[in-house]
Amino acid sequence: LLWAAVPVFIVVKEAPIVRRDEAGRTSIRDVLRLAGPGTAAAVLVLLVSQSLLQISWSGGQPLISLRLLELSPGHAAGVTGIAFAAAGIASAIAGIGYSRLAASTGYRRLAAIASVLAAASMVLLGLAPTVVLVVVATFLAGLCIGAALPAITAMLGLETPHEVQGRVFGLSASAIARGFGLGPRPAGTMEGEVRVARGVSTMAGGGRSR
């Protein structure tokens, strides 16, 4: 944590802080309404979408571990590490390269396609008969989530008026954090009641819990 924070204080130069009168500050809702028809609805939908994507992904992760434990009880720790490392690398690659795809497809189409492919990858996680296929599916899911979330964040920036962007991005961070918190709960509940494969499919939106 110190290595992450100290260089920021040393290298980054922040613009002078302009104090604002909190009593006269306009609410986010009012600013979005004045920005034009459909702006408030678009921002709300994007925030909900961020939260749902993160709920699905964070809920699917413990089920991935359990699936690997089913397929390879003796090597579950090692292959689980490989699977999540693959997902992390894939998300990093997607986070860098998604803008090139967005330039040709548009952010909305990219987010939609990446979300659908992420769901398909998670369904494959539950159906994959071998450890290798689970690792490949985890990589693909990480790649798609890593493209969908930045694309949605970029759309938030484009939709939101400048004067409330900071507050809306705060709501965005909260929506993602809420997904981290809410995802594992239904995943753990499903793991106790249904097969792991069905649980992963349900987190992807493609199955039923019973």
>> Can you confirm whether A173 is under 21 Å from A83 (Cα atoms), at pLDDT 85 or above and open to solvent by less than 70 Å² (accessible area, probe 1.4 Å)?
In response: no
> Is one or more of the residues making up region 56-72 without any contact (Cβ under 8 Å) to a residue 12 or more places away in the chain and either closer than 18 Å to L143 by Cα or among the hydrophobic types (A, V, I, L, M, F, W, C) (or both)?
Replying inline: yes
>> Out of G183, G206, G188, G166, I need the residue that is more than 26 Å from S65 (Cα to Cα) and modelled with pLDDT under 85. Which one?
In response: G166
> Is it true that A147 is surrounded by 24 or more Cβ atoms within 10 Å (Cβ to Cβ) and touching a Ser or Thr at 6+ places or on another chain (Cβ under 6 Å)?
Replying inline: no
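The values are calculated or read from the model by the stated rules, or taken from the named source; none is laboratory data. This is a predicted model, so every value here is computed, not measured. Cβ atoms come from the backbone with ideal geometry, glycine included; neighbour counts cover every protein chain shown. Side chains are part of the model used for accessible areas, which takes the heavy atoms of the whole protein and leaves out ligands, DNA and RNA. Shrake-Rupley method; radii C 1.70, N 1.55, O 1.52, S 1.80 Å.
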